[in-house]
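What follows draws every value from the coordinates through simple rules; no lab data is involved. From a predicted model like this one, the values you see are computed outputs, not experimental measurements. Note that we place each Cβ from the backbone using ideal geometry, even for glycine, and neighbour counts take in every protein chain shown.
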Amino acid sequence: SRDSPPMTPPNPSTRTLGVPSAQGITHSPTQLRGLPRNRSWGLLQELRRLEQSPGVYHGAMLLLAINFHAQLIADIREHGLRFNYHFLMEPAVWHDVTTMWYIIFVVAAPLALLSYWITNLLLTSNLCSRVVTLTTHAVFALVQIALPHLLLIRDQINPIICGIASAASTCFALKTHSYIVRRTLNKGGAAPGDLREIGHFLRFLFVPELVYDENAMDKAYKDARVGTGRPPLAGEKLGKMRTGSTRNYSRARSRGIRFGFVFWNWVQGIACLGWIAVVFCQQIAPVLIEAKTLVGVHSLQICVPANLCWFLAFYCVFKANFSILAELTNYPVRRFYSDWWNATTVDDFWRRWNVPVHQFAVHHIFHPCINELQMSPRAAGATVFVLSALLHELTFAVAFECPNCYFITLGMVLQVPLVEASKNLEGSRRGNILVWLNFVLGITAMAHLYFYQWHRCCSDDDLVFQSFYRESINAK
């Protein structure tokens, strides 16, 4: 109104100045201590406040999703759908899928059972010393890893299908080692003909966890959920969560497997795979096929669709597939990842990204290196990086038929100095930005380097890829 005094601009040099927000609330001086005193409150300073992050995140994600899918739809309208959804009818696809199931269930799983049975027999029969028993177990662990990969190299199936078989075989070997170390050796073994113990071991093979936890294996998922109404986190003690009554426990047990939950997660997994296929064929494959090198503009050109495919694959594996396995095996732990997107150090990122692998590295590599080999924590951490890089390199090299050691160089040599450098930025926003740069520009590009090399030297004989991607033959 005319009688109201004119508004005067705020004086930035005043310590007791309060800045009105959009709701008319005045902020206290303690909320402005991060703002330089010789500047007025601006939009960028407002966006830097943590309480404003959800709004900025939602807006940025919405704009990114609209822009990316607009380009995707325009590309489909201009060039047509490059993804051939009829590829599932090709005999070559079913041949490769059958080979994958053969490697997993006929080769890898029986090898794991044989390794457990022989180690348990040597331990209970007292035919040899404990050192010989452990040596025999180590030899069988190497055979569990080597034999399935030799068969995969001989058969030369599609890289994605081969990668699944390779990862499953490696996980079976790691699970067998964890079960023998944490249960068989601690209990002095079991009777060789104990079918209940053998069934317990076979159940653990298909549980989405690499470290054997007797407390978790003996509890039902519904029993653990009654007290809190949520799935227990990885490593959380289940005994503290059981606060429900006996009637609730029996009612939870009687429900059995929730097939609706299994079906819904299966639908989510299929949707993620379909989305990945369309994005890869429309936005990634044409660039990788036509590019002479991935250094420079081509790597930036596929940056957004490549990371979208990684996020979808992460959701498909760690959320959908692992939830299905946990439900079918009645396993109580349902959190297989943590908030890696909030990590401020590279080391913290790897701890949160894949909780089962991180727990296996801690229990079976890091702690034994410190306690038994008398290594320093830094040397033990470097050993974890080396072994992890070697196992990842084995899977990618066998799948893509080109051992270029990208995981050893980019995944180990460059990660170690980044881990040390990011420790100085722990808890800061710059540390989180460094973690995201490492993920967006490093880890995602590393996987596509394998596809780039494979397409240059080995894709001519892959009938699955030729039926999967419509323009693969014409592009060559």
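Computed extension gain for Leu437 through Asp75, at 0.36 nm per residue and net of the alpha carbon distance, reaches 127.6 nm. Report the calculated FRET efficiency for Trp264 and Arg203 (r = Cβ-Cβ distance, R0 = 35 Å), to the nearest 0.05. It comes to 0.90. Once you order the gyration tensor axes a ≥ b ≥ c over the Cα atoms, which shape class does region 86-206 get: rounded for a/c under 1.5, otherwise prolate or oblate by comparing a/b with b/c? Judged from the Cα gyration tensor, region 86-206 comes out prolate (a/c at least 1.5, a/b above b/c). Working from label points 7 Å from Cα in the Cα-to-Cβ sense, the Glu290 to Gln156 distance is 2.9 nm.
Compute the label zone of Arg430 within region 315-359: residues whose backbone N is under 20 Å from the point 7 Å along Cα-to-Cβ. Only 342-349 pass the distance filter. Placing unit charges on the Cβ atoms only, positive for Lys and Arg and negative for Asp and Glu, gives region 86-206 a dipole magnitude near 560 debye about its Cα centre.
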